[in-house]
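Q: Please read through the structure below; I'll follow up with questions.
The values are calculated or read from the model by the stated rules, or taken from the named source; none is laboratory data. Nothing here was measured: the structure is a model prediction, and the numbers come from that model. Every residue, glycine among them, receives a Cβ derived from its backbone with ideal geometry; neighbour counts consider all protein chains shown.
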Amino acid sequence: MPVPIAFLQVVDSGGGSRAPMASLFATKPLATLTEEANEQGAHTLKRTLGPINLITLGVGAVIGAGIFVLTGQAAALHAGPAVALSFVLAGVTCAFAGLCYAEFASIIPIAGSAYTYGYATLGELVAWIIGWDLVLEYAFGAATVASGWSGYFVSLLAQMHIDLPPQLTATFGSSLYFYDHQWIPVASLPKAAHTAGLPHVTGSFNLVAFAVLLLVTAVLVVGIQESANFNSAIVVVKVAIVGLFIVLGSAYLFHHPGLAQANWHPFIPPAQGPGRYGFNGIAAGAASVFFAYIGFDAVSTAAQEARNPQRDMPLGLLGSLLLCTLLYILVSLVLTGLVNYTKLDVAAPVALGIDATGVRWGGFVVKLGAVLGLGSVMLVMLLGQSRVFYSMSRDGLLWRWASAIHPRFRTPWISNIVVGTIVAFLPAMLPIERLAELVNIGTLLAFTIVCAGVWILRRRHPELKRPFKTPLVPLTPILGMLSALYLMFKLPEITWVVLFVWLAIGLVIYFSYGVKHSKVRAASLVGLASTPSDRIG
């Protein structure tokens with residue numbers, strides 16, 4: 001994206017001289033990062049998280065929409081039964097990035113995730129781009145998940161004979177029809193259903209999605225330990241429900257082997273067009289289900305709240321990734337064995353799968369698991385987003401209120417409240433189309449930068465102490481970058497357009513505010529930055 005020349009001729013706040021281009025790529029000194037990591041007191045984040053908390057944070061973010069919604073859609077539209085291989089491909093891409101995240105988190109154990117790592121290696125302008133990109137990933141991702149949560153929650157209440165006013169369960173202008181004893185959005189109706197004669201209303205405001213995001217925001221404001229414990233409890237329940245589906249489904253297939261044999265044949269259906277079946281469909285499926293993995297990197301945003309980040313951050317990142325990938329593969333194999341892949345393009349494919357086993361109470365349990373699962377995803381995404389804002393504000397690139405710490409709760413409470421409220425309005429008022437793909441492209445861009453940063457850091461500073469070392473450098477970072485870029489180019493063109501528009505908005509904020517208040521850039525301009533031998537990058 002070209003940057004206007006006027007933006008590059010920035011007047012610094014000190015003396016009015018034009019800033020050199022190099023100052024836009026000033027890196028953050030290691031001494032500063034170490035000092036921030038060791039800060040203590042009422043105005044700092046509280047270190048209370050252990051390895052179990054970090055693993056459940058990752059699992060809490062990952063086990064959600066992907067396992068309850070995207071598995072069926074990817075099978076029906078892209079990969080067929082080979083959707084299991086799509087999860088393997090997406091998981092391998094995440095593994096390359098996860099190894100790089102783990103090395104960075106052990107060296108730089110502070111909040112900020114890919115933003116901080118980019119600042120340390122590739123410079124301020126790149127750091128700003130990736131930080132702004134993470135806002136797209138976490139904030140808009142939470143809004144998308146809230147929409148899905150609302151649908152499952154309303155359906156669960158309807159199954160319990162509790163009916164909410166349908167106008168307050170959908171966005172403005174959305175059409176809902178009363179079908180099968182509940183109000184259903186027109187897009188979620190079975191393909192064979194006829195709308196003629198069905199009761200019909202128009203949505204006005206999704207109060208359910210709005211309220212749940214405000215509730216999650218309140219939990220985050222109260223404290224990180226309380227949030228993590230709440231998340232851990234939810235994770236235990238929803239993993240148990242996912243495990244129950246795997247056990248019930250596997251037992252049914254074991255007693256009906258002909259069903260699985262018929263539904264799994266052919267395992268890779270013949271190609272029927274770009275991104276639909278065949279080996280190309282497996283790659284397209286991996287790009288579409290990548291949303292299922294979004295959030296495991298959010299573990300790294302909690303590095304400044306981990307008790308022993310050098311040891312526990314790699315465990316949290318890689319442990320949650322391994323566990324979730326295994327669950328995704330098992331669920332996709334069982335689901336496509338129970339139900340033919342051509343019938344899985346529905347709102348609740350896992351519920352459809354468990355219905356095939358004849359377990360009547362299965363649908364209720366799956367919906368309960370979806371409500372809990374999506375709830376924890378929202379919590380971790382908003383947690384990660386507020387910590388990125390906190391780090392950017394501490395560096396002077398965003399407004400000071402974003403890094404204000406509550407004296408009692410020791411959380412970035414203003415950032416939580418402001419962002420949580422804004423995000424709450426998105427699913428309540430706006431129909432968000434293709435947002436999963438938009439969030440995917442943001443995450444893949446973050447992965448690319450983190451992988452590049454590890455390689456650069458190894459070459460520039462091989463002497464640094466690394467409690468965790470990414471294996472096979474530079475092969476692992478290169479494979480991470482290539483696989484992430486490959487999946488990015490498998491996404492629809494509209495996602496690239498929106499990404500560039502979003503980054504353009506971010507650059508306007510950076511050049512109108514960030515360059516004037518950047519602490520690292522100010523030090524670089526007046527010669528106060530550390531010498532190259534003291535710096536990362």
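Q: Given segment 1-84, what helices (runs of 4 or more DSSP H) lie entirely inside it while holding 1 or more residues that are at pLDDT 80 or above and in contact with a Pro (Cβ under 8 Å, 6 or more places away or on another chain)?
A: Per the criteria, 71-74.
Q: Answer yes if at least one residue in segment 358-369 is of a type outside the set (Phe, Trp, Tyr), touching a Phe, Trp or Tyr at 6+ places or on another chain (Cβ under 6 Å), under 30 Å from residue 256 (Cα atoms) and touching a residue at least 24 places away in the same chain (Cβ under 8 Å), and no otherwise.
A: So the first thing to find is which residues in segment 358-369 are of a type outside the set (Phe, Trp, Tyr), and the list is 358-360, 362-363, 365-369.
Next cut, touching a Phe, Trp or Tyr at 6+ places or on another chain (Cβ under 6 Å) only: 367.
When the remaining residues are screened for being under 30 Å from residue 256 (Cα atoms), the result is 367.
Next, only the ones that are touching a residue at least 24 places away in the same chain (Cβ under 8 Å) stay: 367.
Checked against the condition, which is being of a type outside the set (Phe, Trp, Tyr), touching a Phe, Trp or Tyr at 6+ places or on another chain (Cβ under 6 Å), under 30 Å from residue 256 (Cα atoms) and touching a residue at least 24 places away in the same chain (Cβ under 8 Å), segment 358-369 yields at least one hit.
Q: Working only within segment 249-298, note down all residues that are more than 29 Å from the chain's Cα centre (by Cα) and among the aliphatic types (A, V, I, L, M).
A: Passing the criteria: 251, 253, 259, 260, 262, 271.
Q: Got a number for residues in segment 219-278 being surrounded by fewer than 16 Cβ atoms within 10 Å (Cβ to Cβ), modelled with pLDDT of 85 or more and either of a type in the set (Asp, Glu) or not in a helix (DSSP H, G or I) (or both)?
A: 8
Q: Of the residues 366, 350, 418, which is surrounded by 19 or more Cβ atoms within 10 Å (Cβ to Cβ), assigned to a helix (DSSP H, G or I), of a type in the set (Val, Ile, Thr) and modelled with pLDDT of 80 or more? Explain how you work it out, then say what you get.
A: Details: 366 fails: modelled with pLDDT of 80 or more; 418 fails: surrounded by 19 or more Cβ atoms within 10 Å (Cβ to Cβ).
Selected residue: 350, the only one of 366, 350, 418 that is surrounded by 19 or more Cβ atoms within 10 Å (Cβ to Cβ), assigned to a helix (DSSP H, G or I), of a type in the set (Val, Ile, Thr) and modelled with pLDDT of 80 or more.
Q: Against the condition modelled with pLDDT of 85 or more and hydrophobic (A, V, I, L, M, F, W, C), how does residue 438 come out, does it pass?
A: It is false that residue 438 is modelled with pLDDT of 85 or more and hydrophobic (A, V, I, L, M, F, W, C).
Q: Of the residues in segment 482-499, how many are assigned to a helix (DSSP H, G or I), among the aliphatic types (A, V, I, L, M) and under 18 Å from the mean Cα position of the chain (by Cα)?
A: 6
Q: Does at least one position in segment 190-199 carry a residue that is modelled with pLDDT of 80 or more and not aliphatic (A, V, I, L, M)?
A: yes
Q: Can you tell me which residue in segment 380-413 is nearest to residue 130 (Cα to Cα), limited to those that are at pLDDT 85 or above and among the charged types (D, E, K, R)?
A: 395
Q: Hey, another quick one. If you go through segment 307-346, how many residues are modelled with pLDDT under 80 and outside any helix (DSSP H, G or I)?
A: 4
Q: Give 173, 131 a once-over and let me know the one that is over 28 Å from residue 344 (Cβ atoms), within 29 Å of the chain's Cα centre (by Cα) and part of a loop (DSSP other than H, G, I, E, B).
A: Answer to the check: 173.
Q: Answer yes or no: is there a residue in segment 204-215 that is within 20 Å of residue 419 (Cβ to Cβ), in contact with a strand residue (DSSP E or B) (Cβ under 9 Å, 6 or more places away or on another chain) and either surrounded by 15 or more Cβ atoms within 10 Å (Cβ to Cβ) or at pLDDT 80 or above (or both).
A: no
Q: Just name the residue that is modelled with the lowest pLDDT out of those in segment 103-125 that are of a type in the set (Gly, Ala, Ser) and surrounded by fewer than 24 Cβ atoms within 10 Å (Cβ to Cβ).
A: Our first condition is that a residue be of a type in the set (Gly, Ala, Ser); within segment 103-125, this holds for 105-106, 111-114, 118, 120, 123.
Next, from what is left, pick out any that are surrounded by fewer than 24 Cβ atoms within 10 Å (Cβ to Cβ): 106, 123.
Numbers: 106: 78, 123: 86.
The selected residue is 106.
Q: Now a separate question. Among the listed residues 449, 405, 441, identify the single one that is surrounded by fewer than 22 Cβ atoms within 10 Å (Cβ to Cβ) and either part of a helix (DSSP H, G or I) or touching a Pro at 6+ places or on another chain (Cβ under 8 Å) (or both).
A: 405
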